[in-house]
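**Student:** Before I ask anything, here is the structure I am working with.
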Amino acid sequence: MEIDQLGDWRRTHYTIEVKPDLNGKDVVVLGWIRDIRDLGGIRFVILEDREGTIQITVIRGKSSKEVVERADSLLTQYSIGVKGTVKKTKMTPRGIEIIPHEIRILGVAEHPLPLDVTGRTPAEIDTRLNARVLDLRRDESRAVFRVEHVALETMRTFLSENGFIEVHTPRIIASATEGGAALFSVDYFGQAAFLAQSPQLYKEQLVVGFEKVFEIGPFFRAEESHTRRHLSEFISVDIEEAFATSTDVMKVLEELVHRVCKAVAEKCHRDLEILKYKIVVPEIPFKRLSYDTILKELEKDGISIPWGEDIPTPAFRTLGETHPYFYFITDWPTKSKAFYINPRTDNPEVSEGFDLMWQWVELASGGTRIHSKNLLIKRLKEQGLQPKSFQFHLEAFNYGMPPHAGWAIGLERLLMMLTGKKNIRDVVLFPRDRSRLTP
RNA sequence: GCCCUGGUAGUAUAGUCCGGUCUAGUAUAGGCGGCUGUCGCCCGCCCGACCCGGGUUCAAAUCCCGGCCAGGGCGCCA
């Protein structure tokens with residue numbers, strides 16, 4: 001089918017801005033066809049744009065031949081432009097309709113569509129992700145990403161106001177940053193290279209001089225995970241602060257989370273309504289529970305974990321029932337944390353590392369970092385890592401590395417908390433996981 | 001990677017346990033026709049599917065084996 005040109009048509013109003021006081025005025029609306037109801041002599045076309053919907057009413061016999069012909073050839077999901085007169089009416093829920101003078105078909109859609117955009121026939125997440133662009137025509141899918149935008153905007157503002165400057169560290173790196181998580185390898189002009197799993201070492205180096213930095217960006221983990229809360233590519237929100245300890249950065253973290261919850265609750269009414277979800281703005285400070293306390297609580301629930309071991313997921317689920325909102329777990333055993341986490345001076349078995357939990361999900365983790373080069377080398381060896389492969393990182397410790405602390409929060413996990421979504425793939429536009437590389 | 005469950009029209013489902021009644025039911029989308037105030041419009045007709053390969057059996061959507069894919073869980077983590 002021939003499609004029309006946009007020509008000199010420009011939107012005069014979003015659908016939501018067309019109100020009864022515009023009665024008799026001409027407007028241009030642009031968007032997609034959500035629904036068509038044809039009663040024979042009269043045809044109702046529901047046009048939807050970013051902000052809402054409006055009814056276009058075509059009356060056979062009254063409308064021009066061209067308009068009727070155009071209206072007859074429409075199918076759902078076509079993108080169209082309509083120039084017409086606003087008419088006040090009691091017969092639509094919005095109290096107005098548009099009587100078109102001209103309809104331009106700007107983009108056609110192939111039918112049958114791979115999923116029902118109106119949501120009457122629900123589609124599974126796999127089907128939706130295969131046709132993600134079409135899925136994003138669904139209000140509920142788009143609402144998630146409007147929430148994400150507000151969350152990001154709030155975080156950037158908050159961190160900037162608090163003296164953090166935004167930085168970008170490399171995604172392509174020469175060696176493992178933390179050990180542990182598997183890395184994706186990359187052919188870098190014939191040299192072995194990897195996709196970064198975290199900005200950890202770089203952000204630490206940057207506190208020399210910048211003192212307070214933050215980074216928001218994607219990182220990569222080549223884990224064969226198959227869960228609702230893991231991705232191969234995820235967005236990490238990282239901070240690092242000089243002359244600070246874990247207690248200082250925990251305050252920054254809880255305040256940030258509080259601010260984000262508040263901003264989303266206040267600014268995203270409509271989206272939260274679409275998502276049928278309510279955000280309870282958490283009170284700060286959050287509970288601070290030591291690893292030892294957690295172990296004792298679990299013991300009471302009949303789960304015993306030997307001191308020093310990591311807490312398995314089913315145990316976290318139990319904890320989530322006891323602590324249904326945000327809480328910190330502090331004083332983790334040194335051996336269960338990454339090599340750069342500072343052991344306590346009074347008891348080196350215990351570290352200054354912490355996790356921020358939301359119910360049973362680990363949202364963020366952080367801690368005071370080791371700033372003594374000798375101790376760092378010792379810890380690297382204890383974790384079975386080669387100090388040689390951290391040569392460039394260790395050199396930064398020759399230039400007056402200050403005491404410092406920081407954390408990283410998983411943006412998608414935070415977004416699950418903000419939207420009530422149970423599968424992390426729902427809060428990523430084009431998720432990457434063990435078995436999904438397209439679209 | 002391991003464990004569990006599943007795979008039926010474009011989409012979402014019934015049927016699978018207990019093989020034959022399935023020429024595979026329903027809804028929605030799509031096509032055709034009718035309808036001048038719908039708003040999940042309505043009414044009639046039509047199109048369209050048993051994941052792939054092998055096996056058991058007179059007979060397989062249904063039972064068995066292998067593969068692929070999906071969902072959930074575990075480990076690991078953000």
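The values are calculated or read from the model by the stated rules, or taken from the named source; none is laboratory data. Please read all numbers here as calculations on a predicted model, not as lab measurements. FYI the Cβ positions are ideal-geometry reconstructions off the backbone, even for glycines, and counts take in every protein chain you see. Note: areas computed on protein heavy atoms with side chains; ligands, DNA, RNA excluded. Shrake-Rupley method; radii C 1.70, N 1.55, O 1.52, S 1.80 Å.
**Student:** Tell me, how many Å apart are the Cα centres for segment A:244-288 and for segment A:217-234?
**Tutor:** About 24 Å separates the Cα centre of segment A:244-288 from the one of segment A:217-234.
**Student:** Now, a different point. If you count, for each residue, the other Cβ atoms within 10 Å and average over each peptide, how do A:15-24, A:300-309, A:258-267 line up from highest to lowest? Mind dumping the intermediate values first?
**Tutor:** Working: A:15-24: 14.7, A:300-309: 10.7, A:258-267: 18.6.
Top to bottom by mean Cβ count within 10 Å: A:258-267, A:15-24, A:300-309.
**Student:** Next question, about the same structure. If you take the charge dipole of segment A:347-439 about its Cα centre, with +1 on Lys and Arg Cβ and -1 on Asp and Glu Cβ, which of A:L414, A:P402, A:I424 is farthest toward its positive end?
**Tutor:** A:I424
**Student:** Toward the positive end of the charge dipole of segment A:87-225, about the Cα centre and with charges on Cβ (Lys, Arg +1; Asp, Glu -1), which of A:V186, A:A143, A:I105 goes farthest?
**Tutor:** Of A:V186, A:A143, A:I105, it is A:I105.
**Student:** Which of A:V427, A:V186, A:V237 moves the most in a Gaussian network model of chain A with Cα springs under 10 Å?
**Tutor:** Residue with maximal mean-square fluctuation among A:V427, A:V186, A:V237: A:V186.
**Student:** Between 0 and 90 degrees, rounded to the nearest ten: what's the tilt of helix A:313-322 against the longest Cα principal axis of chain A?
**Tutor:** Orientation of helix A:313-322: about 80 degrees from the principal axis.
**Student:** Return one number: the angle in degrees, 0 to 90 and rounded to the nearest 10, between the long axis of the Cα atoms of helix A:291-300 and the longest principal axis of the Cα atoms of chain A.
**Tutor:** Tilt of helix A:291-300: around 80 degrees.
**Student:** Hey, can you rank A:96-104, A:353-361 by average C-beta count inside 10 Å, highest first?
**Tutor:** Details: A:96-104: 20.0, A:353-361: 22.2.
The packing order, highest mean first, is A:353-361, A:96-104.
**Student:** Now for a separate question. Work through the residues other than A:I105 whose Cβ is under 10 Å from its Cβ and net out their charges, Lys, Arg +1 and Asp, Glu -1. Mind showing how you got there, number by number?
**Tutor:** Working: positive: A:R70, A:R104; negative: A:E2, A:D4.
The answer is 0.
**Student:** Please give the calculated 222 nm ellipticity per residue for chain A, where each DSSP H segment of at least 4 residues contributes -39500 (n - 2.57) and the sum is spread over every residue; nearest 500 deg cm²/dmol? Write out the running numbers ahead of the final one.
**Tutor:** Numbers: 12 runs with 124 residues, N = 439.
Theoretical 222 nm ellipticity from helices: -8500 deg cm²/dmol.
**Student:** I've got another one for you. Heavy atoms only, probe 1.4 Å: what % of the accessible area of segment A:1-75 goes to carbon and sulfur, would you let me know? Walk me through the numbers on the way to the answer.
**Tutor:** On the way: 2200 of 4270 Å².
Solvent-exposed carbon and sulfur of segment A:1-75 make up 51 percent of the total.
**Student:** When the solvent-accessible surface of protein heavy atoms is calculated with a 1.4 angstrom probe, in what order do A:E223, A:E349 fall, highest first? Don't skip to the answer; put the middle values down first.
**Tutor:** Numbers: A:E223 80, A:E349 120 Å².
Largest accessible area first, the list is A:E349, A:E223.
**Student:** Note down the nm distance, to one decimal, between modelled labels 7 Å out along Cα→Cβ at A:T245 and at A:R142.
**Tutor:** 5.0
**Student:** Moving on to the next point. Specify the angular offset, from 0 to 90 degrees and rounded to the nearest 10, of the alpha carbon long axis of helix A:246-267 from the longest principal axis of the alpha carbons in chain A.
**Tutor:** In chain A, helix A:246-267 runs at an angle near 10 degrees to the longest axis.
**Student:** Estimate the FRET efficiency between A:L75 and A:H149 by the formula 1/(1 + (r/R0)^6), using the beta-carbon distance for r and 35 Å for R0, to the nearest 0.05. Intermediate values should be presented prior to the final figure.
**Tutor:** Values: r = 31 Å, r/R0 = 0.88.
Efficiency at R0 = 35 Å is approximately 0.70.
**Student:** Can you tell which of A:P306, A:I33, A:F220 lies farthest toward the positive end of the dipole of chain A, using +1 and -1 charges on the Cβ of basic and acidic side chains (Lys, Arg; Asp, Glu)?
**Tutor:** Farthest towards the positive end: A:I33.
**Student:** Counting only the backbone N, which residues of segment A:72-114 are under 19 Å from the spot 7 Å out from the Cα of A:T12 toward its beta-carbon?
**Tutor:** The answer is A:80-89, A:95-105.
**Student:** Turning to a different aspect of this structure: Given the C-alpha centroids of segment A:392-439 and segment A:133-175, what is the distance between them in whole angstrom?
**Tutor:** Computed from Cα coordinates, the inter-centre distance equals 11 Å.
**Student:** Using the heavy atoms of the protein chains alone and a 1.4 angstrom probe, what is the accessible area of segment A:15-107 per residue in square angstrom? Walk me through the numbers on the way to the answer.
**Tutor:** On the way: 4510 Å² over 93 residues.
Value for segment A:15-107: 49 Å² per residue.
**Student:** Here's another thing I want to ask about it. About the Cα centre of segment A:15-107, what is the dipole size in debye to 20, counting +1 per Lys and Arg Cβ and -1 per Asp and Glu Cβ, all else neutral? Show your work: numbers first, answer last.
**Tutor:** Details: 16 positive and 13 negative charges, 59 e Å.
I would put it at about 280 debye.
**Student:** Where the accessible area of segment A:115-270 is counted over protein heavy atoms with a 1.4 Å probe, how much of it, in %, is carbon and sulfur? Before the final figure, lay out each step's value.
**Tutor:** Details: 3880 of 7210 Å².
About 54 percent, which is the carbon plus sulfur part of the accessible surface.
**Student:** Explain nothing, just the number: dipole magnitude of segment A:134-427 about its Cα centre with +1 on each Lys and Arg Cβ and -1 on each Asp and Glu Cβ, in debye rounded to the nearest 20. Walk me through the intermediate numbers first.
**Tutor:** Numbers: 36 positive and 42 negative charges, 73 e Å.
With Lys and Arg at +1 and Asp and Glu at -1, about 360 debye.
**Student:** Please give the peptides A:136-146, A:239-249 ranked by average Cβ packing (other Cβ atoms within 10 Å per residue), highest first, as a rough proxy for protection.
**Tutor:** Working: A:136-146: 18.0, A:239-249: 20.3.
Ranking the peptides A:136-146, A:239-249 by packing returns A:239-249, A:136-146.
**Student:** For chain A, what is the convex hull (Cα atoms) projected area averaged across all directions, in square nanometres?
**Tutor:** 26.8
**Student:** Can you give the net charge of the other residues whose Cβ lies under 14 Å from the Cβ of A:I303, counting K and R as +1 and D and E as -1? Spell out each step's value before the answer.
**Tutor:** Details: positive: A:K296, A:K300, A:R317; negative: A:E297, A:E299, A:D301, A:E309, A:D310, A:E321.
Result for the local shell: -3.
**Student:** Take the Cα atoms of segment A:15-107, find their three principal axes, and give me the spread along each one in whole Å, biggest first.
**Tutor:** Between the extreme Cα coordinates on each principal axis of segment A:15-107 lie 31, 28, 20 Å.
**Student:** Among A:G406, A:G217, A:G84, whose mean-square fluctuation peaks in a Gaussian network model of chain A (Cα, cutoff 10 Å)?
**Tutor:** Between A:G406, A:G217, A:G84, it is A:G84 that shows the largest mean-square fluctuation.
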